[in-house]
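In what follows, a structure is listed as structure tokens, so that the remarks can point back to it.
The values are calculated or read from the model by the stated rules, or taken from the named source; none is laboratory data. All of these numbers come straight from a predicted model, not from anything done at the bench. All Cβ positions, glycine included, derive from the backbone under ideal geometry; neighbour counts span all protein chains shown. SASA here: full protein model, heavy atoms, side chains in, ligands and nucleic acids out. Shrake-Rupley method; radii C 1.70, N 1.55, O 1.52, S 1.80 Å.
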Amino acid sequence: MTPRARIGVGLVGFGTVGAGVVKIFQTNAALIRRRVGVPVELVRIADVDLKRDRGVEVPAGLLTNDYQAVLSDPAVDIVLELVGGYDIAKKVILGAIAKGKSVVTANKALLAAHGEEIYEAAVRARVDLDFEASVGGGIPVIRALTEGLAGNTILSIYGIINGTSNYILSRMTKEGHSFQDVLGEAQRAGYAEADPTFDVAGIDSAHKLAIMVSLAYGTPVNVKDVYTEGITRIAPLDISYAKEFGYTIKLLGIAKFTNGDIDARVHPTMIPATSPIAQVEGVYNAIQLVGDAVEDIVLYGRGAGSMPTGSAVVSDVIAIARNLLLGATGRVPPASFKQDERRPIRIRPMEQVRSLYYIRFMVLDRPGVLSQIAGVLGNHGISISSVIQQGRKEGQTVPVVIMTHTAGERNVQSALREIDGMPFISEPTTLIRVEGQDE
Ligand code: NAP
Ligand code: HSE
């Protein structure tokens, strides 16, 4: 093997994350060289708009508006796909792999949808494909799953894995701001996806959970099997009831490995206000992993933004550069398990999940309503642990809030369908799942 004098990096997509990566390469060039052993240099940058101010200076000669020029440049050893989306991004990644180049991407949406094809192509070409930035922004959770915790059976994953939603819920909880106002701020700060529906509808969290589950359990995951519900229906009223019960509402990605299958879902969840992940605010993410040997660990940090996400991308570049220098690309399989050792594991359908529930009914305040609701819940085998109905407004609409003991999702859904058809119900009932002790 001829010794390399340097490692060349080609960037496609000079946007929020791309600009962070460029800044880190500029600021920490000497440090990176000492860690790798040779200089790691950005030698080509592709974007569609070469005139836009990216907040960082680069020599004009590096810039091109043709990503193919990056892929075909012999000085480029590692291609960074930071365009996002499905079409061009997939062409960049597969095109780079086809040319024998290793790839770094932050594109969780693409990996969740087409990861299998991309992993397969990378393994076949014996190149590295790293995607630390795809989950948890700057938090090294992918490396924790593929390397740090590789000796564990992962028993559960609880993650606040969307900075935009966490930012919105935190501001709504602390300052009572409206959902729309806070969404605008998250977009301006560069946290939100190009389509912010991905953030607030839970889709981005589902993409990230699907990636983590796939790496943790060595199974392909169809993201469509991950039950997904976002935060758009969370009302200030629910936030204040949660406080009253000692809970905080977070958008969680949850995966639990029990009885041979995986319970994997994304939804707003009430968690005890004293738990470590309830303290996670703003754009911060946190992922609690439980392994059979290590027991529980919590990874915490900035889940989005130019520099934190850039940090994860640069860490991948350094890992790949080290492998390239030793002729050891492909050392860690992209999907964490050897490709031919991966096994399909069933994702448990949501209707088979069991949980505690917070249920808020909006009802006309008149005698007998509570007993009718309780009757339907009882008929579906749902046991009530507490009830709040504040104030008396005869003839008007009031909230009735019920906390249940552990119940089956199927039973809860069919009870709510029945109750929502009753004449005293004034709007669709709100249901929030609760993770905590069944007391
Ligand atoms: P972004 O700011 O929109 O940057 C993407 C850049 O790619 C834009 O400058 C875009 O140009 C450019 N582009 C579009 N088509 C291109 C093409 N054909 N060739 C070259 N460049 C092209 O997006 P971002 O926030 O940096 O996100 C990039 C990726 O990182 C996404 O997969 C995202 O999900 C992921 N990610 C982002 C964050 C975050 O905090 N932002 C965190 C983790 C992961 P135009 O703007 O002109 O279209
Ligand atoms: N839009 C994502 C978020 C970016 O808000 O978490 C990080 O993946």
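Our note on the geometry: Cα centres of region 9-72 and region 287-318, 23 Å apart. Among the trypsin sites (Lys or Arg not before Pro) within region 233-271, those in coil by DSSP and having at most 13 neighbouring Cβ atoms inside 10 Å are Arg233.
Label-to-label distance for Arg366 and Asp195 is 4.4 nm, based on points extended 7 Å past Cα in the beta-carbon direction.
Helix 87-98 and the longest principal axis of the Cα set of the chain meet at an angle near 40°. Distance between the 7 Å Cα→Cβ label points at Glu341 and Ser385: 4.0 nm. As a check on your grasp of the helix formula, calculate [θ] at 222 nm for the chain: sum -39500 (n - 2.57) over DSSP H runs of n ≥ 4, divide by the residue count, round to the nearest 500. For the chain, the value works out to -10500 deg cm²/dmol.
The loop-placed GluC sites (Glu not before Pro) in region 340-402, going by DSSP, that have at most 13 neighbouring Cβ atoms within 10 Å of their Cβ come out as Glu394.
Checking every one of the trypsin sites (Lys or Arg not before Pro) in region 45-88 against DSSP loop status and a limit of 15 other Cβ atoms within 10 Å picks out Lys51, Arg52. Computed extension length for Ser426-Asn65: 124.4 nm, one decimal, from 0.36 nm per residue of separation with the Cα-Cα distance subtracted. The Rg/Rh ratio of region 218-377, with Rg taken over Cα atoms and Rh as the Kirkwood radius over Cα pairs, comes to 1.07. What is the helix-to-structure angle for 16-27, meaning the angle in degrees between its Cα long axis and the longest Cα principal axis of the chain, kept from 0 to 90 and rounded to the nearest 10? For helix 16-27, the angle is close to 50 degrees. Judged by the mean number of other Cβ atoms found within 10 Å, the most tightly packed of the peptides 40-49, 156-165 leads the ranking 156-165, 40-49.
Averaged over its residues, the chain has an accessible area of 42 Å² per residue, based on protein heavy atoms and a 1.4 Å probe. The lysine pair count for region 144-303, using Cα distances under 24 Å and pairs eight or more places apart or on different chains, is 7. On alpha-carbon atoms, Rg over Rh for region 291-331 using Kirkwood Rh? Result: Rg/Rh = 1.15. With the charge dipole of region 32-177 set up from +1 on Lys and Arg Cβ and -1 on Asp and Glu Cβ about the Cα centre, the Cα lying farthest toward the positive end among the listed residues Ala133, Ser170, Ile118 is that of Ser170.
With all projection directions averaged, the alpha carbon convex hull of region 75-234 covers 10.6 nm².
Extension gain for Asp261 to Ala293 (0.36 nm times residue separation, less C-alpha to C-alpha distance): 9.5 nm. Rolling a 1.4 angstrom probe over region 353-421 with all protein chains present gives an accessible area of which 47% lies on carbon and sulfur atoms.
Across the accessible surface of region 23-130, with the other protein chains kept in place and a 1.4 Å probe, carbon and sulfur atoms take up 49 percent. Over the chain, the hull volume per residue, using the convex hull of the C-alpha atoms, is 147 Å³. DSSP beta bridges confined to the chain are antiparallel in about 70 percent of cases.
When Leu431, Leu11, Leu237 are compared by accessible surface with a 1.4 Å probe, the order from highest to lowest is Leu237, Leu431, Leu11.
Ranking Asn222, Pro268, Val434 by Cα position along the charge dipole of the chain, where only Lys, Arg, Asp and Glu carry charges on their C-beta atoms, puts Asn222 farthest toward the positive end.
What does the charge dipole of region 83-205 about its Cα centre add up to, to the nearest 20 debye, if the Cβ of each Lys and Arg holds +1 and the Cβ of each Asp and Glu holds -1? Could the numbers behind the result be given before it?
Values: 11 positive and 15 negative charges, 70 e Å.
Roughly 340 debye, rounded to the nearest 20.
Computed extension gain for Lys393 through Arg331, at 0.36 nm per residue and net of the alpha carbon distance, reaches 15.6 nm.
When only the Cβ of Lys, Arg, Asp and Glu is charged (+1, +1, -1, -1), the dipole of the chain relative to its Cα centre reaches about 840 debye.
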